[in-house]
Amino acid sequence: MGIAPYQQSSEELVRLGCLLSVMMPYAQASEVLRQWSGLSVSAGSLWNWVQTVGQRAKASLTEALSAQASGDTVVTEPIDDLVAALPLAIGADGVMVPFRPTPKTPVGAIQWREVKVGILARLGTRVTRAGETVPQLLRRRLVAVLGTIDDFIPPLQLEATRQGVDTAPLVVWLSDGGRGFWRVYHTCFATAIAVLDFFHAAGHLARATQALFGTLTSAEAQAWFRRWRHLLRHGQAHQVRRALTQLIHLPGWSTSAFATLLQVQAYFQRHHQHTRYQHFERLGLPLGSGLVESACKWLIQQRFKGVGMRWSEDGFNHLILLRLAWANDRFDDLFPSVPRSLTNPSPNL
């Protein structure tokens with residue numbers, strides 16, 4: 001623990017307290033620390049430690065972003081040659097987190113705010129015990145920002161450069177149809193292959209089917225939807241677009257049905273380059289954005305959306321920076337005075 005005689009705390013203890021707080025609520029972290037070490041550290045002390053170290057992490061990130069904005073060279077992290085030869089997947093999505101409406105008090109209704117989450121990972125494979133080759137994400141790195149798309153872009157660009165986006169043999173962008181995140185793609189990764197999440201695309205086909213038949217449960221509606229989905233999945237997206245275009249030119253639609261069909265047709269027209277699923281499959285690329293949806297769940301929901309939790313902005317921002325440092329294998333960099341022999345390896349998701 002590194003605690004000298006007559007010393008109340010140590011950097012080693014602060015590190016351990018912050019690490020436990022990254023994984024679980026402060027009260028639970030306090031109890032686990034007491035059970036494990038026999039030392040009594042209150043939940044409030046752990047919170048204070050997280051704020052202090054979180055400010056350190058924030059200052060480091062601010063410095064790196066400022067250097068990037070000034071045109072300074074961003075150093076690429078060392079990457080094993082075998083990993084560097086793999087495609088780099090980048091995805092982004094949003095997740096809602098409960099916040100306090102008024103600072104320093106829990107009084108009032110919950111204010112839900114969106115946290116933008118980005119993931120970068122190399123697309124590898126592994127062999128299961130049954131001998132089956134399945135996809136595997138390697139060298140996973142995460143970005144999370146409480147703010148606007150414009151706030152989200154610079155940290156994502158910084159992490160992409162650190163992960164060798166400029167030298168990767170293939171870069172793929174994965175996202176659903178949210179326009180804000182597609183603006184991230186056009187701003188940062190316009191030369192990458194872009195894949196529209198197939199399940200979100202199929203959901204829009206379901207909307208069109210509902211508008212066409214007034215229901216999704218009839219045999220005729222189900223058959224129509226399955227045919228559209230099959231065409232979309234197997235390289236015939238142009239037929240889907242043509243069918244939708246023909247439908248919106250037919251007379252007799254109700255106002256709501258026509259509006260839905262028009263929206264869906266525009267959606268697929270806008271993403272016509274991003275729905276070439278048969279081509280993407282031949283390249284060995286994912287067809288869905290499940291990697292980022294999964295990241296949203298374990299990075300954000302597991303720690304920040306527990307029963308009764310409501311966050312202040314500073315409390316959230318400082319803790320998420322520590323959780324990101326942990327997930328990105330940089331947690332120990334925040335504690336340079338702690339010998340690495342005491343911290344290696346830090347737990348990593």
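The values are calculated or read from the model by the stated rules, or taken from the named source; none is laboratory data. These figures come from a predicted structure and were not determined experimentally. Here the Cβ positions follow ideal geometry from the backbone for every residue, glycine too, while neighbour counts run over all protein chains shown.
Worth a mention:
- Filtering region 82-90 for residues that are in a loop (DSSP other than H, G, I, E, B) and in contact with a Pro (Cβ under 7 Å, 6 or more places away or on another chain) leaves a non-empty set.
- Qualifying residue in region 39-52 (condition: within 23 Å of Val117 (Cβ to Cβ), small (Gly, Ala, Ser) and surrounded by 15 or more Cβ atoms within 10 Å (Cβ to Cβ)): no
Okay, residues lined up against (1) part of a helix (DSSP H, G or I); (2) modelled with pLDDT of 95 or more:
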residue	(1), (2)
Gly284	no, no
Gly288	no, no
Leu291	yes, no
Ser294	yes, no
Ile300	yes, yes
Gly306	no, no
Phe316	yes, yes
Leu319	yes, yes
Leu324	yes, yes
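- Taking every residue in region 25-42 that is without any contact (Cβ under 8 Å) to a residue 40 or more places away in the chain and within 16 Å of Trp311 (Cβ to Cβ) and pairing it with any residue that is crowded, with 17+ Cβ neighbours inside 10 Å and aromatic (Phe, Trp, Tyr), at least 6 positions away or on another chain, the pairs with Cβ-Cβ distances below 7 Å are Tyr26/Trp47.
- Residue in region 100-118 that is under 17 Å from Thr76 (Cα atoms) and over 14 Å from the mean Cα position of the chain (by Cα) present: no
- Residues that are over 21 Å from Leu334 (Cβ atoms) and at pLDDT 90 or above within region 1-49 comprise Ala27, Gln28, Glu31, Arg34, Gln35, Ser42, listed in sequence order.
- Within region 90-105, no residue that is assigned by TED's automatic domain parsing to the domain that holds Gly180 and polar (S, T, N, Q) sits with its Cβ atom under 6 Å from a residue that is surrounded by 14 or more Cβ atoms within 10 Å (Cβ to Cβ) and not in a loop (DSSP other than H, G, I, E, B) at 6+ positions apart or across chains.
- Any pair with Cβ under 8 angstrom, 6 or more apart, that starts in region 251-266 at a residue that is assigned by TED's automatic domain parsing to the domain that holds Gly214 and ends at one that is part of a loop (DSSP other than H, G, I, E, B) and surrounded by 13 or more Cβ atoms within 10 Å (Cβ to Cβ): Leu261/Trp253
Table: residues versus (1) in the same structural domain as Leu174 (by TED's automatic domain parsing); (2) assigned to a loop (DSSP other than H, G, I, E, B).
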{"residue": "Ala64", "(1), (2)": "no, no"}
{"residue": "Gly108", "(1), (2)": "yes, yes"}
{"residue": "Leu120", "(1), (2)": "yes, no"}
{"residue": "Arg126", "(1), (2)": "yes, no"}
